Amino acid sequence: MKYPGSSGGGPKTDDPGSGKGGRSHGDERSLVGSPRANKTTSQRHDPIEEAPALGREAARVLRLNDMGGWTKAAPELYPHQWSWDSAFIAIGLAHLDTRRAARELETLFAHQWRTGKVSHIVFNPDAPPESYFPGPDHWSCAASSPDAPPAPPYTSCLSQPPVHAIAALRIWEAARFAGEEEVSCARAFLGRIYPGLLSWHRYLMTYRDPEGSGLVTIYHPWGSGTDNSPRWDAPLEALAVGEVGPYPRYDLRHVGSPSQRPTNAEYDRYLWLVDLIKRAHRCDEATIYESHPFLIKDVLTSAILVAANEALTEISSLVGAPEDDRVLISGWMARGRRGLEGCWDRELGLCLDYDLRAEEPIRVRTVAGFAPLIAGSLSRTRLDALLRTFDSPDFCEHRGLRWPLPPSTSPEDPGFRPRSYWRGPTWPVVNWLLWWSLVRAGEVGRAERLRRTALEQLAVRGFGEYFDPFTGQLLGSDAQSWTAAVALDWLAGETLPKAGLAS
Ligand code: DGY
């Protein structure tokens, strides 16, 4: 299904300097209403009052990026189907059309690898070659792996955090409020997607955790979804980078300033790692594991997997899967939670990634450190410790913040840059994950404050990819699909009874 009325991309942003601690709130506007009205900082937005218009605008963004059975992550910057973007997109679509939401996930899973891996990108064969780098040509050799799905479309051989089972369950929950027919379609969808979800999680618990630690190993920063987070600085720094040759940076055409994207030095390392992965017997997992210089236990991915396994348990009951599956999945959850507990850093009050090559934890302060909150089922002591960090000047109570929303990297961390992608900007999808986790943890008041503040940011600034935490300026792409999608999920509570995972 293609939504009617798609047209044009959103405006690009300018980039008036990037000083740490900048205080100018810049040009604040109301997203809602037509034409877009400029509003000043003194005008307050009540996102709940504006909910219907905000919801319409979010739906418009998803229509704009709709490619039929899947959704572009953004109009120009990301012209392909990204794995975790699609999962969040399905969560938003569930409130518009549960069947279209189901199709989003099914299109992605149609290109699952034989190992169970879900690729981080399924490349759109119709996207012009100069629209994105590295594109399908760069990854085409992955298709010759005996584990790869038939191509075209080509897929990358990396993966991203496994939000998909959470999304599938969200679709089911939304269908329950949509009527009999939707319920029966959603049940059939769960039956179809369940084997793919199970084999995806099995892949992560085996190929990506041969140690049985409960923690997922990534072999490329792109696999974390948080590409240039300072989490990866030390292991990237340690690489002996070989020749990667000249390459284009098409991404820089679509943002207000290069400072919003990873640097060329970072890209040299990203591309070098891709070369090594391709040389490893055409992306053979065991060979990568043996030879690769970048091998990290990623706590954010691991925690999302625990939460996704919780959703998968529920799905397995809904589809009448054998009891053995539930035993298996609950073993994975227990292993994951134990693994995360072992990564706790008492001094920082955060959970830390572990560098398997350097054999040490990565001591940086980023939102990934809240991983145990996402995994859930915490002791009161651990929950309180995480909430203290969350509410501290290291994160939401930093005095310079435009809105009390967690920056992707703590402003107190030396790696912090307020405008650079995952080095400091606030990300609506991260706010969604933390909100959802707070609700599940019973922290309903704190969750509600976070939801309202995150919606206010979007009502004032638009459906940006990420935002400068100090000025609130929209950065990266405008009309970012997953941002619109999480807004729809936040707004659904305004019109629907509390449902599903968040209840
Ligand atoms: C990008 O191009 O920025 C993506 O995050 C890589 O997957």
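The values are calculated or read from the model by the stated rules, or taken from the named source; none is laboratory data. This one's a predicted model, so the numbers in the text were calculated from it and none came from an experiment. Quick reminder, even Gly has a Cβ in these numbers, built from the backbone with ideal geometry, and neighbours come from all protein chains shown.
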Every residue in the stretch 346-369 that is of a type outside the set (D, E, K, R) and in contact with a helix residue (DSSP H, G or I) (Cβ under 6 Å, 6 or more places away or on another chain), please. Gly349, Leu350, Cys351, Ile362, Val364, Thr366, Val367, Ala368
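Here's the yes/no breakdown for (1) in contact with a helix residue (DSSP H, G or I) (Cβ under 9 Å, 6 or more places away or on another chain); (2) at negative phi; (3) surrounded by fewer than 17 Cβ atoms within 10 Å (Cβ to Cβ); (4) in a loop (DSSP other than H, G, I, E, B):
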| position | (1), (2), (3), (4) |
| --- | --- |
| Met205 | yes, yes, no, no |
| Ser213 | yes, yes, no, yes |
| Asp227 | yes, yes, no, yes |
| Pro248 | yes, yes, yes, yes |
| Gly256 | no, yes, no, yes |
| Tyr270 | yes, yes, no, no |
| His281 | yes, no, yes, yes |
Take the stretch 85-114 and flag every residue that is of a type in the set (A, V, I, L, M, F, W, C), surrounded by fewer than 23 Cβ atoms within 10 Å (Cβ to Cβ) and part of a helix (DSSP H, G or I). Phe109
Going by what's in this entry, would Pro75 be described as touching a residue at least 60 places away in the same chain (Cβ under 8 Å) and either touching a Ser or Thr at 6+ places or on another chain (Cβ under 7 Å) or not polar (S, T, N, Q) (or both)? yes
Working carefully through the options Arg419, Arg388, find the one that is part of a loop (DSSP other than H, G, I, E, B) and of a type in the set (Lys, Arg). Arg419
Scan the stretch 191-200 for residues that are surrounded by fewer than 23 Cβ atoms within 10 Å (Cβ to Cβ) and under 30 Å from Arg357 (Cβ atoms) and report the count. 1
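This table checks each residue for (1) under 20 Å from Ser420 (Cβ atoms); (2) touching a Phe, Trp or Tyr at 6+ places or on another chain (Cβ under 7 Å); (3) without any contact (Cβ under 8 Å) to a residue 12 or more places away in the chain; (4) more than 15 Å from the ligand (Cβ to nearest atom).
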site	(1), (2), (3), (4)
Thr217	no, no, no, yes
Trp222	yes, yes, no, no
Asn228	yes, yes, no, no
Asp233	yes, no, no, yes
Val255	yes, no, no, no
Arg261	yes, yes, no, no
Asp268	yes, no, no, no
Arg282	no, no, no, yes
Looking at (1) of a type in the set (A, V, I, L, M, F, W, C); (2) within 16 Å of the ligand (Cβ to nearest atom); (3) modelled with pLDDT under 95, can you tell me which one Ile48 breaks? (2)
Residue list for the stretch 114-138, filter: among the hydrophobic types (A, V, I, L, M, F, W, C) and without any contact (Cβ under 8 Å) to a residue 24 or more places away in the chain: none
The condition of being free of Cβ contacts under 8 Å to residues at least 60 places away in the same chain and within 27 Å of Ile315 (Cα to Cα) holds, among Ala110, Ala102, Ala151, only for Ala110
Answer with yes or no whether Ala73 is under 26 Å from Arg170 (Cα atoms), touching an Asp or Glu at 6+ places or on another chain (Cβ under 8 Å) and modelled with pLDDT under 95. no
Do you know which of the residues in the stretch 146-165 that are among the aliphatic types (A, V, I, L, M) and more than 16 Å from the ligand (Cβ to nearest atom) is nearest to Tyr207 (Cα to Cα)? Ala148
So how many residues does the stretch 304-362 have that are among the acidic types (Asp, Glu), part of a helix (DSSP H, G or I) and in contact (Cβ under 8 Å) with a residue 60 or more places away in the chain? 3
Return the only residue of Ala168, Ala188 being part of a helix (DSSP H, G or I), modelled with pLDDT of 95 or more and either within 16 Å of the ligand (Cβ to nearest atom) or surrounded by fewer than 16 Cβ atoms within 10 Å (Cβ to Cβ) (or both). Ala188
Looking for whichever is more than 21 Å from the chain's Cα centre (by Cα) and either within 16 Å of the ligand (Cβ to nearest atom) or in contact (Cβ under 8 Å) with a residue 12 or more places away in the chain (or both) here; the options are Glu182, Glu237. Which one fits? Glu182
Report, by residue number, each residue of the stretch 452-479 that is charged (D, E, K, R) and either more than 20 Å from Gly400 (Cα to Cα) or buried (at least 24 other Cβ atoms within 10 Å of the Cβ) (or both). Arg461, Glu465, Asp468, Asp478
Quick check on this structure: which one of Tyr203, Tyr247 is touching a residue at least 40 places away in the same chain (Cβ under 8 Å), farther than 26 Å from Gly342 by Cβ and either within 15 Å of the ligand (Cβ to nearest atom) or not acidic (Asp, Glu) (or both)? Tyr247
I need the full set of residues from the stretch 115-145 which are within 12 Å of the ligand (Cβ to nearest atom), surrounded by 23 or more Cβ atoms within 10 Å (Cβ to Cβ) and assigned to a helix (DSSP H, G or I), in order please. Trp139
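So that you can scan it fast, the table gives a plain yes or no per residue for (1) in contact with a Leu (Cβ under 7 Å, 6 or more places away or on another chain); (2) in contact (Cβ under 8 Å) with a residue 40 or more places away in the chain:
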position: Pro406; (1), (2): yes, no
position: Val430; (1), (2): no, yes
position: Ser437; (1), (2): yes, yes
position: Glu448; (1), (2): no, no
position: Arg452; (1), (2): no, yes
position: Gly472; (1), (2): no, yes
position: Ser481; (1), (2): yes, yes
position: Leu491; (1), (2): yes, yes
Taking the stretch 146-165 as the search range and keeping residues that are polar (S, T, N, Q) and over 15 Å from Arg282 (Cα atoms), which one is surrounded by the most Cβ atoms within 10 Å (Cβ to Cβ)? Ser159
Confirm whether Arg365 is free of Cβ contacts under 8 Å to residues at least 60 places away in the same chain and touching an Asp or Glu at 6+ places or on another chain (Cβ under 6 Å). yes
